[in-house]
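The structure under discussion appears below in the form of structure tokens.
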Amino acid sequence: MDDPDGDINLACLEYKEGNYEKALERFTTATHLHGYQPCLAYSIALCYYQMHNYSQALKFIADIIDQGVQNHPAELSIGMATEGMEVSSVGNTRLLRETSLVEACNLKAAIEYNLKNLSAASEALTDMPPRLEEELDPVTLHNQALINMDTNPSDGFAKLQYLLSQNPFPPETFSNLLLLYCKYEYYDLAADVLAENAHLTYKYLTQYLYDYFDAVITQQTAPMDAYNKFEAIGNEQINELRRLTKRMNEIRDGNDEVIIQKTAKAYDDTMARYMPVLMSQAKIYWDMNNYSQVEKIFRKSVEFCSENDIWKLNVAHTLFMQANKFKEAAGFYEPNVKKNFDNMLSITAIILANLSVCYIMTNQNEEAEELMKKVENEEEASAATSNKTKFFHLCIINLVIGTLYCS
């Protein structure tokens with residue numbers, strides 16, 4: 001005899017153990033037995049999210065939101081805040097809990113944030129049934145803090161600090177607060193948070209993150225000691241990258257797609273840990289204006305990073321700053337520009353400015369003029385269609401070129 005409640009309980013246990021494929025199977029079975037329920041649809045979406053199958057996760061999230069809109073159009077005001085309408089709080093009612101809309105919107109926001117679609121992530125949060133700030137759950141507060149950090153960092157830090165004082169709080173709160181303090185160069189605050197919450201480090205920080213924060217904080221008073229700490233962390237990641245590369249070569253001709261995907265995911269995760277360490281090492285010498293040493297650091301990592309866009313961009317900056325390697329710098333800037341040639345305004349203005357200088361300094365004035373004309377045309381087209389967004393790419397390019405001639 002089938003026991004749907006048993007299946008759900010076992011699915012939850014599988015999920016907690018990190019067995020997301022097995023959890024997904026059990027949640028799916030329970031759905032067939034129980035019929036459609038928002039909480040089960042959310043659980044399935046969450047499994048797909050953990051398996052990094054974002055398209056399937058978004059499909060189940062869309063079903064939850066569509067059900068909420070169809071069944072409760074007036075009671076829950078879904079999406080009205082996004083449309084700019086005046087809405088009042090729907091409160092934390094039983095109806096809201098039963099629809100799983102808060103969870104679904106938060107998961108959609110997390111997916112869009114991971115995909116670096118910040119406007120879509122922000123929209124996912126404003127699509128949520130409206131509540132007063134004091135009514136918001138910890139996960140929503142956490143996601144609001146992260147997604148709006150670029151536009152309102154003081155509010156974001158206040159929310160994360162508040163969450164850290166609550167029990168319980170989302171597990172990612174501690175590491176995200178520390179990472180953001182380091183990103184905004186509030187190193188003293190990061191050190192204070194670590195010192196005041198030593199009991200949280202063992203529970204919420206991996207050894208990698210703890211070592212990374214330790215090195216970043218050390219860098220403020222003893223740069224070369226920090227460099228050696230980063231070197232030790234980086235060597236661990238390089239060894240793992242080599243192991244995974246060997247593993248990928250061994251399984252490439254096999255038919256087990258699941259193993260191939262898991263290994264590829266492990267490689268990407270390891271690279272995501274290695275890049276901040278590498279960039280931190282480079283920054284130590286960059287801050288000393290020792291650009292030739294920065295170049296040596298990047299050359300040492302070419303084996304694994306040669307296809308990485310962030311690495312290529314920073315190599316370009318490093319070559320540019322040496323003032324006698326403009327041709328080589330252009331070679332690293334150009335792929336980024338060509339990839340976005342139909343949307344030049346999506347490229348950071350300083351990249352376009354530096355590439356223009358590279359062209360001028362290597363007697364490629366026509367290429368510089370063509371690039372600047374393309375930017376000018378896009379700015380004019382944008383101004384004709386939108387009064388809200390103003391672009392200053394061409395101004396910045398002209399300013400950098402003008403500085404070049406002044407010097």
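The values are calculated or read from the model by the stated rules, or taken from the named source; none is laboratory data. Everything numeric here is computed off the predicted structure, so don't read it as measured data. Please note: Cβ atoms are built from the backbone with ideal geometry, for glycine as well, and neighbour counts cover all protein chains shown.
Only residues that are surrounded by fewer than 18 Cβ atoms within 10 Å (Cβ to Cβ) and not β-branched (V, I, T) were counted in the stretch 137-157, giving 8. Listed by position, the helices (runs of 4 or more DSSP H) contained in the stretch 27-131 that have at least 3 residues being surrounded by 19 or more Cβ atoms within 10 Å (Cβ to Cβ) are 38-50, 54-71, 101-114, 118-126.
Here's the yes/no breakdown for (1) assigned to a helix (DSSP H, G or I); (2) out of contact with any Ser or Thr (no Cβ under 8 Å at 6 or more places or on another chain); (3) surrounded by 14 or more Cβ atoms within 10 Å (Cβ to Cβ); (4) among the charged types (D, E, K, R):
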position: L313; (1), (2), (3), (4): yes, yes, yes, no
position: A323; (1), (2), (3), (4): no, yes, no, no
position: E328; (1), (2), (3), (4): yes, yes, yes, yes
position: F332; (1), (2), (3), (4): yes, yes, yes, no
position: V337; (1), (2), (3), (4): yes, yes, yes, no
position: N343; (1), (2), (3), (4): yes, yes, no, no
position: L355; (1), (2), (3), (4): yes, yes, yes, no
position: Y359; (1), (2), (3), (4): yes, yes, yes, no
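Within the stretch 299-325, residues that are farther than 20 Å from Q237 by Cβ sit with their Cβ atoms under 6 Å from residues that are of a type in the set (V, I, T), at 6+ positions apart or across chains, in these pairs: T318/V294.
Can we say S382 is modelled with pLDDT of 95 or more and among the polar types (S, T, N, Q)?
No; evaluated as a whole, the condition is false for this residue.
Have a look at T218, T270, T263 and point out the one that is under 22 Å from the mean Cα position of the chain (by Cα), among the hydroxyl-bearing types (S, T, Y), closer than 26 Å to H317 by Cα and not in a loop (DSSP other than H, G, I, E, B). None of the other options fit; the residue is T270. Annotation: N289 fulfils all but one of (1) assigned to a loop (DSSP other than H, G, I, E, B); (2) surrounded by 17 or more Cβ atoms within 10 Å (Cβ to Cβ); the unmet one is (2). The single condition among (1) closer than 30 Å to L141 by Cα; (2) over 24 Å from the mean Cα position of the chain (by Cα) that N176 does not satisfy is (2).
Screening the stretch 77-95 for residues that are under 30 Å from the mean Cα position of the chain (by Cα) and of a type in the set (A, V, I, L, M) and picking the one that is farthest from P130 (Cα to Cα) gives M85.
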